[in-house]
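The values are calculated or read from the model by the stated rules, or taken from the named source; none is laboratory data. Being a predicted model, the structure only gives us computed values, none of them experimental. Cβ placement follows ideal geometry from the backbone for every residue including glycine, while neighbour counts extend to all protein chains displayed. Side chains included, ligands, DNA and RNA excluded: accessible areas come from the protein's heavy atoms. Shrake-Rupley method; radii C 1.70, N 1.55, O 1.52, S 1.80 Å.
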Amino acid sequence: MSSDDEECFYDYEEEEEEEEEPGWDDGGGGDTMLVEEEAALPERPVDCWAITEESLPAAQQQDLSMVMNLLYIKQHQARALLIHHRWKMESILDHFDRKGRDRMLRETGVVIQQQAEEKNGGGMAMAASPSPPPRPRSSVTCYVCFEDVSSDAVSTMDCGHCFCNDCWTEHFFACVNGGQKQIRCMAVGCAAVCDEDVAQRLLGGRYPGAARRLRGALLASYVEDNAAARWCPSAPHCGRAVRVDGGGGRWCCEVSCPCGASFCFGCAAPAHSPCPCAMWERWEAKCRGESMNVDWILANTKSCPKCSKPIEKNGGCNHVRCKCGQCLW
Amino acid sequence: MVDVSRVQKELTECNRDREVSGVSIALHDGSTISHLTGTIAGPQGTPYEGGTFVIDIRLPGGYPFEPPKMQFITKVWHPNISSQNGAICLDILKDQWSPALTLKTALLSLQALLSAPAPDDPQDAVVAQQYLRDYSTFSATARYWTEAFAKNSSTGMEEKVQKLVEMGFPEDMVRSVLKSVNGDENMALEKLCSG
């Protein structure tokens, strides 16, 4: 028995060394990872690599370009589609085959303009904002501020709804402050996603801080809305994210960031293999010296079923909507 | 911060055809333009018919790009309106708000909500339960609450004033308190005793 124990310990050490060494050799480009499975199940190899601040735009631009070329749509429409499918290219291709292009786009909230306009603009990587169509009158009434404005002071979105630029700017500002990445049309019941270039241009003129936040939120959506990517939980934040490919479904997976932090991919807690996430969470809550804080949280909040963040409800209607988009009780 | 020009236009537009639409908006006791009071008439053919419901409206700084905060002041027995505090469960006042909506359309939507409750999506679980299982009692209770809280006939008001004056309270104070509680005699008595 004693001899067996020593052997197991030695094997574990050896595996750990193997795990760390290739990561450093690659210079932070990739990391091996440890997958904990039941003893009966075979181990599945999973690819894992780091996303740096510099490579984040290029990585998502690659996905955006692929979708734009496949479906002849603009960048903001491709982004809306990818966010809707959590940046899973296979999911988009599957829906494309089963539902067809137009229905898939409609479900996402993407509205395609007239066929001729689409063909003209579809091929451009950064499609310019279409100029508003000619109008019989020189002034237009904006139905948000009820003012008459000249036709050059209004903007029209893909869905054809037209409001003055001041109202669009305030709408974009309110949406950015509310934490939304996909800004939708102002019209009643219209779910069309607004052109992010128009949003950037109008916000940049009056609220440059909000324009920067919108740009950052769009970049960060590649990690936050991606089922296969997580931010590194190190403090202070090293700015990197870790992406894992292969192996869907729920598994207990430990990943390492080039900055040295090792964490569980499922719950972003420190690596706790072979303990399941839920058990580890209870253990951590029990061990912390914040039992009164935990008691308050348990008594006053509920966890979002999607992202597990605790949410406190005070006042108002019984419906609660989490930032990640899931609607609660 | 509130778009004053738009709100003024909304007030004008809403009060222009108040007789036909049954909704109206006014400043709340000479308050600023961000605190308003709306009234809607109970829809015909419903237990709320004949009632006048007062709604507190507060406009956030980001209005019209953020939804207005509305709350029933008049007590109402409805599955989607809290019978305790008047909180309203209506999607266009929350995530489905659009800047192209107006206070008038919001009040008209509340009127429509009175006509067509959504008990599967309740704000007040007790009322929703009664609505689904014992509609006749729900209807009778809603009608009674409308009679008791939402009708403001002058005869009833005068009787209430006389009753409270006979208890020894000054008439001016009685009238102002009754007005502030929208004619609820019991609530007025509580306020007069505590005040």
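For the range B:4-139, the square roots of the Cα gyration tensor eigenvalues, ordered a ≥ b ≥ c, give a/c of at least 1.5 with a/b greater than b/c, which places it in the prolate category. Under 5 Å from the amide H of A:VAL140 lie the amide H atoms of A:VAL149, A:SER150, A:SER151, each residue being 5 or more positions distant or on a separate chain, with H modelled from the backbone and absent for Pro and chain starts. Between B:ALA128, B:ALA100, B:ALA26, the GNM of chain B built on Cα springs shorter than 10 angstrom shows B:ALA100 fluctuating the most.
Surface calculation, 1.4 Å probe, protein heavy atoms: B:PHE72 sits at approximately 10 Å² accessible.
Among the trypsin sites (Lys or Arg not before Pro) in the range A:137-226, those located in a DSSP loop and surrounded by at most 15 other Cβ atoms within 10 Å of their own Cβ are A:ARG137. Each residue of the range A:169-183 is assigned a 3J(HN,Hα), and the resulting list reads 4, 5, 5, 4, 4, 5, 5, 5, 5, x, x, 8, 8, 9, 8 Hz, derived from the Karplus form 6.51 cos²θ - 1.76 cosθ + 1.60 (θ = phi - 60°), x at Gly and Pro. Using θ = phi - 60° in the Karplus curve 6.51 cos²θ - 1.76 cosθ + 1.60, the 3J(HN,Hα) couplings for the range A:204-219 round to x, x, 10, 10, x, x, 5, 5, 5, 5, 5, 4, x, 5, 5, 5 Hz; x is entered for Gly and Pro. The amide H of B:LEU90, built 1.01 Å from its N in the peptide plane, has no neighbour under 5 Å, considering only residues 5 or more places off or on other chains. Less than 5 angstrom separates the built amide H of A:VAL154 from those of A:ASN165, all sequence-distant by 5 or more or on a different chain. Among the listed pairs B:LYS94/B:LYS151; B:LYS9/B:LYS163; B:LYS69/B:LYS179; A:LYS74/A:LYS99; A:LYS74/B:LYS69, those whose Cα-Cα separation exceeds 32 Å are B:LYS9/B:LYS163; A:LYS74/B:LYS69. Couplings for the range A:76-84, taken from phi via the Karplus curve 6.51 cos²θ - 1.76 cosθ + 1.60 with θ = phi - 60°, read 5, 6, 5, 5, 4, 5, 5, 5, 4 Hz in order; Gly and Pro are left as x.
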